[in-house]
1. Taking only the alpha carbons of the range B:93-197, what extent do you get along each of the three principal axes, in Å, biggest first?
2. Once every DSSP H run of n ≥ 4 in chain B is given -39500 (n - 2.57) and the sum is divided by its residues, what mean residue ellipticity at 222 nm do you get, rounded to the nearest 500 deg cm²/dmol?
3. Mind checking which of B:230, B:128, B:246 has the largest fluctuation in a GNM of chain B, springs on alpha carbons under 10 Å?
4. Once the cut-off is 33 Å, how many percent of the Cα-Cα pairs in chain A end up in the long-distance tail?
5. With angles folded into 0 to 90 degrees, how steeply does helix A:14-24 sit against the dominant principal axis of chain A? Use alpha carbons for both and round to 10.
6. With both partners inside the range B:1-139, how many of the DSSP beta bridges are antiparallel, as a percent to the nearest 5?
7. Can you pull the percent of Cα pairs in the range A:1-50 with separation above 13 Å?
8. Dividing the alpha-carbon Rg of the range A:233-272 by 2.2 N^0.38 Å yields what?
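What follows draws every value from the coordinates through simple rules; no lab data is involved. The shown structure was predicted, so the numbers you read here are calculated from the model rather than taken from an experiment. Please note: Cβ atoms are built from the backbone with ideal geometry, for glycine as well, and neighbour counts cover all protein chains shown.
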Number of protein chains: 2
Amino acid sequence: MVGKLGILAGAGELPRRMIEACRAADREFFVLAFRDEVDPAILTDVPHATIRLGAAGEGFRLLHEAGVDEIVFAGGLKRPTVTSLRPDWRAAKFFARIGYRALGDNGLLSAVIEELEGEGFKVVGADSVLGGNLAPVGAFGRVTPDAQAAADIAHGVTVARALGTLDIGQAVVIQQGIVLGVEAIEGTDALIARCAALRREGPGGVLVKVAKPAQERRADLPTIGVRTVSACSEAGLRGIAVEAGSTIVIDRAGVVAAADQAQLFVVGVEPS
Amino acid sequence: MVGKLGILAGAGELPRRMIEACRAADREFFVLAFRDEVDPAILTDVPHATIRLGAAGEGFRLLHEAGVDEIVFAGGLKRPTVTSLRPDWRAAKFFARIGYRALGDNGLLSAVIEELEGEGFKVVGADSVLGGNLAPVGAFGRVTPDAQAAADIAHGVTVARALGTLDIGQAVVIQQGIVLGVEAIEGTDALIARCAALRREGPGGVLVKVAKPAQERRADLPTIGVRTVSACSEAGLRGIAVEAGSTIVIDRAGVVAAADQAQLFVVGVEPS
C-alpha cells in the first residue's frame, strides 16, 4: 500500500493537480500550504494546514501529526532572503548549517530534501504522483518548427543549459538567433511577458525551457501548462521547446488544443 | 596630427560626450547618426548625416565623403533582425558572408569592425577618445561595500563573466546571494527597473557589470553614468560594481556626487 502523501504546496496549478491525482487514485493526502503562495480556493474541503515559509519546526510537527509517509513538492515558492524568512529555531539551525546565502536554488532544494529525509519522510518527484505527465520527444500538436525555429531551439538549449549549470534559471527566449531574455528569479511568466516588448520584426521567438543539468528531480522540475501556451501566444512567440523526460506537462490535451488553436508549436527535445 | 574622427552614434549619453571631447581637443569630427537611436537634439550645429541601420553602402559613402580617417562606436543600437534591418546591397553581401544569425553581439561587432577596416578606416576604442574615463580599482565615492555586498559582488562577477562567455549580456543584479535578474537584449536600464519589483526584504542588491571575456574593446565596452546611479537608487539597490580598466565612466565627478548623495557605493573590481 502506498503511504499517505504530504503535498508541500506553493503557487501555480500544480498543487490542485496533485490533489486531483490523489483523489483519482483514492490515495490519502495532506496539504501543507505556504501562506501568500497557495491559492486558498484549492484548499476547500481539503485536509490541510497553512504555515509561513520560515516555520520549519511547525511544518515538521504538522506533517508528523497528519501521519504523512511520502512528501512531494508542488508549485513555486518565491525564494525569500533570510531577513524576510523570519526563520523559527528549527529553520535557523538548518540555515546556519547549510550556509543559505552561498546556495543556488537547486543546492538549497537538495538540502531541504535531505532535511526532510532526516525526519523520516520519503521525498518523491512530482512526476511519480502525476504519472505519465512528463513531456515526450517530438511535436505535441499539429504545428512543427521550421528551420529558423529549429535553429533558435538549438541555440536556446545551449544557452539554457549553461544558465542551469550556474543554477540561475531554466528558461530563455530566442528570436532569429538573438537572445531576447533570460530567466532568473522573476519566473517564466514574467520572462515571456517582458519579451513581448523586446520582440523584433519577422518570424517570432521561441521559449526554451530545460532542467538544470544537476537538477534535483524531486523538486522544481520545469513545468508548462495551458497558461504557458496562452502567454507565449500573447507575447508573439511561435512556439515552446521543453526537455523531454524532464518537464511536467500539466493537462497535455489542453496544451495541445491551445497550441493548435494559437498556431504555436510545442515540442519535446531529446535530453543531451 | 590626429585624423578626422567619424562617430557612429547610437542611443544614450556617449555620442554627446564624444562630440564634447572632440570640441575640447579641437579635433575635426563627423557624426553618422542611426535613425531612431540618436537623440536628435545633440546633432544641432554638428556636422552629421542620419541613416537607417541597414544602409551600409550609404554609410560608407558618407564617411568617405566626409574625409573620415578614424572611427569610433558611441552608444547603443537595438540589434535588429535581418527582416527589420532591410539591408541594402552592401549590407546584404556582408550578412551573407558572416552568417548574421549565428553570431552573438560581440562576434557581430568584430565582423563590422573588420568590414570598416577593409574600407580603409581605423577603428579606435571609445576610451581612447574620452581619455581617462575608464573605471579605476576601488571605491569611487564615500560609501564602500560591507561584507554581504562584497559577497554579492563576487558572486555577480562569476555569473556575469559566464553570461559574457555566452555573449548574452554584461550585467546582473544580485541580492543576498540571490540572482534577481540577468541582462540579455533589454539593456541595463530595463534590468535595473525590473529588479525593483523583484527586490527581497533586508539589505538591497548590487548591480554588477563586466566586459565580456572575449569583448571587442573597440565597441560596446560596459558604460555607466549618473543615470545608472539614479536608476539603481530608485530600484533600491545598494551599489554598483564594474570591471576596472574595461568600463567607461561618463562624468565621473557627477557619478561620485550622485552616489554619495544616494548613499550608494560604486566600485571598480580588479579584472581577473
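1. 51, 33, 22
2. -11500 deg cm²/dmol
3. Of the options given, B:128 has the highest mean-square fluctuation.
4. Summing the P(r) tail past 33 Å for chain A gives 23 percent.
5. 70 degrees
6. 5 percent
7. Summing the P(r) of the range A:1-50 above 13 Å gives 50 percent of all pairs.
8. Normalised by 2.2 N^0.38 Å, the Cα Rg of the range A:233-272 equals 1.19.
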